[in-house]
Each structure stands twice: as structure tokens, then as C-alpha cells.
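K.L.:
So that we are looking at the same thing, I have put the structure below in C-alpha cells.
The values are calculated or read from the model by the stated rules, or taken from the named source; none is laboratory data. The structure presented is a predicted model; accordingly, all values stated were derived computationally and were not measured. Every residue, glycine as well, gets a Cβ built from its backbone with ideal geometry; the counts of neighbours run over all protein chains shown. The protein model used for the area step is the full one, side chains on, heavy atoms only, and it has no ligands, DNA or RNA in it. Shrake-Rupley method; radii C 1.70, N 1.55, O 1.52, S 1.80 Å.
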Amino acid sequence: MISFRPGVPDVDVFLFNAWHQAARRWDRLPKTMLGYGNFSGYAPFREQIAIYLKDARGVRCEPDQVLIVNGSQQALDLSARVLLDPGDSAFVEDPGYLGVKGALLGAGAKLIPLPIDDQGVAIAKASAHPESKLAYVTPSFQYPLGITMPLPRRLEWLAWAQSSPGWILEDDYDSQYRYAGAPLPALQGLDRHERVIYLGTFSKVMFPALRLGYMVVPRDLIKPFSQARALTDHHSPTIQQGVMAQFMAEGHFARHIRRMRALYKRRQAHLLTCCDRLLKGILKVRAAEAGMHVMAWLPNGWDDRAVSTHLARRGIEALAYSHFTLRRPKRGGLLLGYPALSEHRIEAGIRRMAEALRGFRPVQAR
Ligand SMILES: Cc1ncc(COP(=O)(O)O)c(C=O)c1O
């Protein structure tokens, strides 16, 4: 199977030596490290994250606002439970990330889908729902369409949060990967009124099994969030946090991001070249200036789930766009992730996809 699953990092090129060196230094632990730790996270790790977020993402925070979580999925779940009561309304992006919808529904929230336009999640319909308590947004790279929200739209959302009871939940899941143009700082960095809760993860830069992520919360929310975290599962494993803190303090993390960014940029370019050469007239694929996948649009009338199943039977994994939408989309598409595939595998995969799609007979769209 050649998998074009989105958001999967390349772990083969990962700096194993540096990671192992950092881990080895944790072999002989002081006894104090083996008991329960700080529920909000290991202090040196929170400091490293605060430094990184200020430098790389323009996030305004002090280390005590940084809460360590077991990946951003836990942050989504905690946010839903801390900020919402059952029956409260929350804005979600449509199309959007499925994990947030599940977390919100699990907390008894009512989802209000907002469409995506060429500036990211549209705000026009927000005024029709003044009761909404939350807006989940992915401004760096809208998931899955890949739109970067420009400054005017960011300011509109911040104005909404200031004048309504709603919080903004900014999911900055893969912002390390920006290949063109100046990096736009996080929405949180523009927020002068402490209305944004910022989420990030190590799953996309390091590897998902690490299960480490972080949230930056406004001062008023530090206590409720750390209490909720303590009641959920106390805290994330201290040793993993310590190793990661050291990895960051020694500069390996920044180096790793730079290296991966250059690698993924080349891989995306190669994927586009292969699509242009082998899939012209079938798939419409455009370069993405950031992120870990590109969108590939199918011809009108092609059902993307049928296409995805057809491809899976022929050894290609490519997720259907319609899985990410609440409303039926006008056009079907596929999400093509490339970071984990070598150029050789990308070419082999696109070749196989081209053969498979030439044999695809569209029936009738869903
Ligand atoms: C948009 C988005 N947010 C959050 C997550 C959750 O990541 P994790 O829980 O591994 O940190 C993912 C994972 O794929 C994602 O794509």
C-alpha cells in the first residue's frame, strides 16, 4: 500500500541520534522525578515551549500559561468540557477537522458549521448566532482546504470574540511547515483581550506516538484548565517531557524543523510535477504554500468516496474530501499527503493512481 494519508511526518529522517542522546541522559533519574509531577506540565518544558512560541509563532505568553497535554486532541476535549455546558453552541469549520467535531459533540455541544471562503472560515453568518460560546479555527492552514487566513479576517474574528461570549480555539497543528511567503504569526499573538486559546502539537513535527501537545490559555483560564486536566489523568509522562525539553534547549528541535521544512517542500514540488505529468485532465492539483497535504479535485460528478475505495483496492490510500464536510460538497476531491513518502514512492504512487483512475467508471455522485 502506498499511503497519501495527510499529516503524517517522515520518521525515517528523524534525528534519532539526538533524541537518543537526550533520552539516555534521563536514564538515572532523581527520585523526585518518579512521583506525580506538576499537573500543568514539567516546568523546564513549559519554558522551552513558551520561548519557541514567542520566537517562531509570535504567541504572547508566559510559561505558566502553557499547559502540557497528551496531544492536541486532549486539548480539544478539555476545551469542550471546560468552556461549554451541554446544549451550548459552537462554530466549527465546514469542511473541517473531524476530531474537534467529535470532542464538541461528546461535551453535548450543538455544532454550527461555518463555510470556508477564499480567506478561510467565513464570519458573515456568525452574527446570526450570538449565543455561540466557541469558534474553532485553523488560520495557519485551514484543514483540509489549506487556506491561510489573511490579516483582515483574523481581525474580524478577534472583534467577534471581544464582543461576544465566545472563545476562539486556534488549532495551529502544523504551522511549522510554511514553504512560501512570510510566515504569518498566530492569531493568538494579535489578541489584546485574552480571548484566544491556542493549541499546538508535537505529532506533526516529531511523531504522533510521542503524544505531547500544548495549549496556551488566557490567565483567567489557567486554573479551570489545570484542575480539569488533573481530574482527567493528572499529567503527561514526565520523562517524555524532560527529554523533549532537553531536545529543544539543545537546538535540535529548531534544526529538525528547518530540515523537515526543506525536505517537505521538495516532496510537494515533486508530487505536483508527477501529477502534472501523469494525472493531467483527471486530477486538478494546486500547490499549497504550507502544511502537509495538497488538495486534488476530481472531475465533476465523480464520487470521491467511491474513488477512494477504488484506489484502496489497488494499493493506494487517499482520503476522500467529503469525509471532512458536514454538508454535501459541490465537488469531490482527495487529500494527498506527501511528507512521509520519498520522491521515488511519490512517483510510484501517482503512477499507480493514474492507472487506477483511468479505469474508474463514475456512476452517480452521492
Ligand atoms: C487539524 C488537526 N488538529 C489536531 C490534530 C490532533 O493531533 P494530536 O492529538 O496528535 O496532537 C490533528 C491530527 O491529525 C489535526 O489534523
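K.L.:
Which count do you get for residues in the range 289-312 that are within 20 Å of the chain's Cα centre (by Cα) and open to solvent by 30 Å² or more (accessible area, probe 1.4 Å)?
P.N.:
Total meeting the criteria: 1.
K.L.:
Quick one: how many residues across the range 176-195 are within 16 Å of the ligand (Cβ to nearest atom) and open to solvent by less than 20 Å² (accessible area, probe 1.4 Å)?
P.N.:
In the first step, residues of the range 176-195 are kept if they are within 16 Å of the ligand (Cβ to nearest atom); the result is 176-178, 186-188.
Going one step further and asking which of them are open to solvent by less than 20 Å² (accessible area, probe 1.4 Å), we end up with 176-177, 186-188.
Of the residues in that region, 5 qualify.
K.L.:
Still on this structure, I have one more. Quick check on the range 222-261: of everything there that is assigned to a helix (DSSP H, G or I) and of a type in the set (D, E, K, R), which residue is farthest from the ligand (Cβ to nearest atom)?
P.N.:
223
K.L.:
For the range 149-160, does any single residue satisfy the condition of being within 16 Å of the ligand (Cβ to nearest atom), open to solvent by less than 50 Å² (accessible area, probe 1.4 Å), in contact (Cβ under 8 Å) with a residue 12 or more places away in the chain and outside any loop (DSSP other than H, G, I, E, B)? It would help to see each step written out before you state the result.
P.N.:
We begin by selecting, within the range 149-160, every residue within 16 Å of the ligand (Cβ to nearest atom); these are 149.
So of that shortlist, the ones also open to solvent by less than 50 Å² (accessible area, probe 1.4 Å) come out as 149.
When the remaining residues are screened for being in contact (Cβ under 8 Å) with a residue 12 or more places away in the chain, the result is 149.
From the residues that got through so far, the ones that are outside any loop (DSSP other than H, G, I, E, B) too are none.
No, that holds for no residue.
K.L.:
Determine whether residue 207 is at pLDDT below 95 and of a type in the set (A, V, I, L, M, F, W, C).
P.N.:
Details: at pLDDT below 95: yes; of a type in the set (A, V, I, L, M, F, W, C): yes.
When the stated conditions are applied, residue 207 passes them.
K.L.:
Still on this model: Out of (1) under 14 Å from residue 10 (Cβ atoms); (2) surrounded by fewer than 20 Cβ atoms within 10 Å (Cβ to Cβ); (3) not aliphatic (A, V, I, L, M), what's the single condition that is false for residue 264?
P.N.:
(2)
K.L.:
Need a quick list: strands (runs of 3 or more DSSP E) entirely within the range 86-148 having at least 2 residues that are within 13 Å of the ligand (Cβ to nearest atom) and closer than 14 Å to residue 169 by Cβ. Quick ask: steps written out before the conclusion?
P.N.:
Numbers: elements: 89-94, 110-117, 134-137.
Per the criteria, 89-94, 134-137.
K.L.:
Taking the range 24-46 as the search range and keeping residues that are within 13 Å of residue 244 (Cβ to Cβ) and crowded, with 17+ Cβ neighbours inside 10 Å, which one is farthest from the chain's Cα centre (by Cα)?
P.N.:
42
K.L.:
Which one is surrounded by the fewest Cβ atoms within 10 Å (Cβ to Cβ) among residues in the range 202-221 that are within 9 Å of the ligand (Cβ to nearest atom) and assigned to a loop (DSSP other than H, G, I, E, B)?
P.N.:
Step by step, filter the range 202-221, then rank; the result is 211.
K.L.:
Within the range 313-366, which residues are in a helix (DSSP H, G or I), open to solvent by 50 Å² or more (accessible area, probe 1.4 Å) and either among the polar types (S, T, N, Q) or in contact with a strand residue (DSSP E or B) (Cβ under 7 Å, 6 or more places away or on another chain) (or both)?
P.N.:
Scanning the range 313-366 gives 345, 352.
K.L.:
In addition: Going through 296, 262 one at a time, which residue ends up being hydrophobic (A, V, I, L, M, F, W, C), closer than 25 Å to residue 179 by Cβ and without any contact (Cβ under 8 Å) to a residue 24 or more places away in the chain?
P.N.:
The match here is 262.
K.L.:
Do we find a residue being within 16 Å of the ligand (Cβ to nearest atom) and either in contact (Cβ under 8 Å) with a residue 40 or more places away in the chain or out of contact with any Phe, Trp or Tyr (no Cβ under 6 Å at 6 or more places or on another chain) (or both) anywhere in the range 30-45?
P.N.:
Filtering the range 30-45 down to residues within 16 Å of the ligand (Cβ to nearest atom) leaves 41, 45.
From the residues that got through so far, the ones that are either in contact (Cβ under 8 Å) with a residue 40 or more places away in the chain or out of contact with any Phe, Trp or Tyr (no Cβ under 6 Å at 6 or more places or on another chain) (or both) too are 41, 45.
Yes - at least one qualifying residue is present in the range 30-45.
K.L.:
Additional query: When the residues of the range 57-76 are filtered to those that are open to solvent by 50 Å² or more (accessible area, probe 1.4 Å) and in a helix (DSSP H, G or I), which remaining residue is nearest to residue 205 (Cα to Cα)?
P.N.:
Filtering the range 57-76 for residues that are open to solvent by 50 Å² or more (accessible area, probe 1.4 Å) and in a helix (DSSP H, G or I), the one nearest to residue 205 (Cα to Cα) comes out as 73.
K.L.:
Could you say which residue among 23, 50 is assigned to a helix (DSSP H, G or I), among the small types (Gly, Ala, Ser), touching a Cys at 6+ places or on another chain (Cβ under 7 Å) and farther than 29 Å from residue 322 by Cβ?
P.N.:
Testing whether each residue is assigned to a helix (DSSP H, G or I), among the small types (Gly, Ala, Ser), touching a Cys at 6+ places or on another chain (Cβ under 7 Å) and farther than 29 Å from residue 322 by Cβ leaves just 50.
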